[in-house]
Amino acid sequence: MHRIEANVLIPGRGDPIDDGCVLLDGATITYAGPRAGAPPSEGAEHHQVPVVMPGLWDCHVHLFGIASANLADVLRLQPAVGGARAVKDLEAALNAGFTSVREMGGLGIYLAQVVDEGTVQGPAIYAAGALLSQTGGHGDIHAAPVQWVEDYGARGGCLHLCDGVPECLRGVRRQLRLGARLIKVCGTGGVLSEIGLPTHQQFSDAELQAMVGEAARAERIVAAHCHGKPGIEASVRAGVGTIEHGTHLDEPTAQLMNDHGAILVPTHTITARVLDHGPRLGVPDYALEKMDVIIGLQKRATQIAMAAGVTIALGTDVLSSGPDTVCPWGIHGAELGYLVQSGMTPLQAIEAGTANGPLTLGPQGPKSGQLLQGYDADVIAVAENPVDDITVLAEPAKVTKVWRAGRLVKGAP
Ligand SMILES: [Zn+2]
C-alpha cells in the first residue's frame, strides 16, 4: 500500500487540488482527493511529493525494434534482436512517466504478454498487432519484392497487406487471433513510405467498412492512419474510432469527426524529429520532402479540431530504439509542449495525455488516466507543477517517481 501526499494533485480531468492525497492498494487507486478527507492508511509506504498526477498515455507508438530511420529494415530484423531493443524502449517510456501506450503496429502484441506476466517492466501495452495496408499502401515496403512483405506478414511480422473485402476481414481476424486490442489501418498514403502521397485515400469505402464492422463485432475500434481529407472522410464515415495524424483536417472534416464521435491523435513529435534530425540520421529524401509539407499543416489541424470540439488524445509516433535515433522511445513528453504550442492550455494538454487516452480504445478502454477511486494505480510524481510550465513533463529527470500497477518502479527511497 502506498500513501502519496502532494502539494498539488492533478486529477487528469478537472481542476488541480491543493494538498492532495492518493492511496494505492495493490493495482488500484483506493482514494484520490484532498488530504483532509483521506482515510487512515496504517502501514502504508509514505511519500511526500510536490505534484502527483496520473501516469501518462502515449496513444501512438511503435515497437519496431529498429535503430535506423528506414522502415524497410523491419524485413531483415531478427525478431529476438527487435524484442531485446523493445525491452529497453519500454524502460525509457516508464522513466519518462508514460505508464500506458497504444501500440499502433509492431512488436507490442508480443511484448504485452511479457509485461503483463511481470517478466519485463514496462507501460501497459494496448497493441494493434500488424498495420493493415493495401498492396502498395503506406504499410507496404515498396522497394522490396511484394512476396517478401506478404511472407513477413504471414509469419507474424508487423505489416499485413490485404486487398478486397475477404482479405481485409482475414487481416482483422489475424490480429484478433493474436490478441489485438484495436485494429490499425492505413487510410491514406504516408510520409515514411516511398510510393504514394499522404493526400491519397487508401482502402476503398467497402474495405474500410468491412474492417470496422469486423472489429466492432469483437468490441474493438479501428484506428486509421490518415493525412489527406478523402481518407479522413472515408474512414470517419466507415466508423473508425480514431484518426491518426489528421494533417489536412479542415472545418467540415472536423465537424464530420465530431458528428461521428471520432477522436484525433495528432503526432507533432515525429514531424519535428524527422525535420530536425532526419537528414543527419539518414531519413530518405522522399520522406523529408513530404514532411516539409506536413509540418505547416499539423498545428493548424490541431487548432481546427479544438475549435470544433473534437476530442484529442496525445500521440507521438515514436518508432525507433536508442537515444540518438530518428524518433526514439523516451521523448514522449515533448508532445505536451507541441499541444500547448498548438493552442491548448497546459491542463488541456495533460487531459489529452491522461484522461483521454483510454477513450482511444473504445470498449477496450481501461479505467486509467485519472486519479479516481477504482482506477489503475498508474501514477507519477513530478518535481515542478506542469500547469505552470508544461515542458517539465518533457524532462524524464523531473518525473521523480513512477508507480505502475501499484508498484514503485522509479524513485524508490
Ligand atoms: Zn505511426
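The values are calculated or read from the model by the stated rules, or taken from the named source; none is laboratory data. None of the values given here were measured: they were computed from a predicted structure. Using ideal geometry, Cβ is built from the backbone for each residue, glycine included, and neighbour counts are taken over all protein chains shown.
If A218 satisfies every condition in (1) surrounded by 23 or more Cβ atoms within 10 Å (Cβ to Cβ); (2) of a type in the set (A, V, I, L, M, F, W, C); (3) touching a Leu at 6+ places or on another chain (Cβ under 8 Å) but one, which is the exception?
Unmet for A218, out of (1) surrounded by 23 or more Cβ atoms within 10 Å (Cβ to Cβ); (2) of a type in the set (A, V, I, L, M, F, W, C); (3) touching a Leu at 6+ places or on another chain (Cβ under 8 Å): (1).
Residues L393, L361: which one is hydrophobic (A, V, I, L, M, F, W, C) and under 15 Å from the mean Cα position of the chain (by Cα)?
Sole residue among the options that is hydrophobic (A, V, I, L, M, F, W, C) and under 15 Å from the mean Cα position of the chain (by Cα): L361.
Can you find a residue in region 375-386 that is touching a strand residue (DSSP E or B) at 6+ places or on another chain (Cβ under 9 Å), surrounded by fewer than 22 Cβ atoms within 10 Å (Cβ to Cβ), over 15 Å from V101 (Cα atoms) and of a type in the set (A, V, I, L, M, F, W, C)?
The answer is yes; a qualifying residue exists.
What do you reckon, is D73 in a helix (DSSP H, G or I), surrounded by 24 or more Cβ atoms within 10 Å (Cβ to Cβ) and out of contact with any Cys (no Cβ under 9 Å at 6 or more places or on another chain)? Give the derivation first.
Details: in a helix (DSSP H, G or I): yes; surrounded by 24 or more Cβ atoms within 10 Å (Cβ to Cβ): no; out of contact with any Cys (no Cβ under 9 Å at 6 or more places or on another chain): yes.
Judged against the criteria, D73 is not a match.
Quick one: F64 ticks every box in (1) of a type in the set (A, V, I, L, M, F, W, C); (2) touching a His at 6+ places or on another chain (Cβ under 7 Å); (3) in a strand (DSSP E or B) bar one, so which box is it?
Single failed check for F64: (2).
Out of the residues in region 244-282 that are of a type in the set (V, I, T) and assigned to a strand (DSSP E or B), state the one that is nearest to the ligand (Cβ to nearest atom).
Within region 244-282, the subset of a type in the set (V, I, T) is 247, 253, 263, 265, 267, 269-271, 274.
Then drop every residue that is not assigned to a strand (DSSP E or B), which leaves 263, 265.
Working: I263: 15, V265: 9 Å.
The qualifying residue nearest to the ligand (Cβ to nearest atom) is V265.
Specify which of the listed residues (P266, P252, P279) is out of contact with any helix residue (DSSP H, G or I) (no Cβ under 6 Å at 6 or more places or on another chain), assigned by TED's automatic domain parsing to the domain that holds T360 and at pLDDT 95 or above.
Selected residue: P252, the only one of P266, P252, P279 that is out of contact with any helix residue (DSSP H, G or I) (no Cβ under 6 Å at 6 or more places or on another chain), assigned by TED's automatic domain parsing to the domain that holds T360 and at pLDDT 95 or above.
Has region 330-351 got any residue that is touching a strand residue (DSSP E or B) at 6+ places or on another chain (Cβ under 7 Å), within 16 Å of H60 (Cα to Cα), of a type outside the set (S, T, N, Q) and within 16 Å of the ligand (Cβ to nearest atom)?
yes
Hey, among G282, G337, which residue is farther than 20 Å from H248 by Cβ, of a type in the set (G, A, S) and either surrounded by fewer than 19 Cβ atoms within 10 Å (Cβ to Cβ) or touching a residue at least 60 places away in the same chain (Cβ under 8 Å) (or both)? Even if it seems obvious, please write down each step before you answer.
Working: G337 fails: either surrounded by fewer than 19 Cβ atoms within 10 Å (Cβ to Cβ) or touching a residue at least 60 places away in the same chain (Cβ under 8 Å) (or both).
Answer to the check: G282.
Across region 292-333, what is the total count of residues that are more than 18 Å from M104 (Cβ to Cβ) and aliphatic (A, V, I, L, M)?
Number satisfying all stated conditions: 10.
Determine whether L71 is within 16 Å of the ligand (Cβ to nearest atom), within 29 Å of I141 (Cα to Cα) and modelled with pLDDT under 95. Spell out how you get there, then give the answer.
Numbers: within 16 Å of the ligand (Cβ to nearest atom): yes; within 29 Å of I141 (Cα to Cα): yes; modelled with pLDDT under 95: yes.
Yes.
The rows are residues; the columns are (1) of a type outside the set (D, E); (2) surrounded by fewer than 24 Cβ atoms within 10 Å (Cβ to Cβ); (3) away from the ligand (no atom under 16 Å from the Cβ); (4) assigned to a loop (DSSP other than H, G, I, E, B).
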position	(1), (2), (3), (4)
Q121	yes, yes, yes, yes
I125	yes, no, no, no
G136	yes, yes, yes, yes
A144	yes, yes, yes, yes
W148	yes, yes, yes, no
D151	no, yes, yes, no
G156	yes, yes, yes, yes
H160	yes, no, no, no
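Mind checking which residues of region 221-243 are part of a helix (DSSP H, G or I), within 16 Å of the ligand (Cβ to nearest atom) and in contact with a Leu (Cβ under 8 Å, 6 or more places away or on another chain)?
Looking only at region 221-243, we keep the residues that are part of a helix (DSSP H, G or I), and these are 229-238.
Checking the rest, the ones that are also within 16 Å of the ligand (Cβ to nearest atom) come to 231-232, 235.
Those that are part of a helix (DSSP H, G or I), within 16 Å of the ligand (Cβ to nearest atom) and in contact with a Leu (Cβ under 8 Å, 6 or more places away or on another chain): I232, S235.
Can you pull out the residues in region 313-324 that are modelled with pLDDT of 95 or more and not acidic (D, E)? Give the steps one after another, and end with the answer.
Going residue by residue through region 313-324, those that are modelled with pLDDT of 95 or more are 313-321.
Of everything in region 313-324, those that are modelled with pLDDT of 95 or more and not acidic (D, E) turn out to be A313, L314, G315, T316, V318, L319, S320, S321.
On the basis of being within 14 Å of the ligand (Cβ to nearest atom) and assigned to a helix (DSSP H, G or I), does V101 make the cut? Break it down stepwise before answering.
Details: within 14 Å of the ligand (Cβ to nearest atom): yes; assigned to a helix (DSSP H, G or I): no.
When the stated conditions are applied, V101 does not pass them.
Criterion first (surrounded by fewer than 23 Cβ atoms within 10 Å (Cβ to Cβ) and modelled with pLDDT of 95 or more) does R237 satisfy it?
Details: surrounded by fewer than 23 Cβ atoms within 10 Å (Cβ to Cβ): yes; modelled with pLDDT of 95 or more: yes.
Criteria met by R237.
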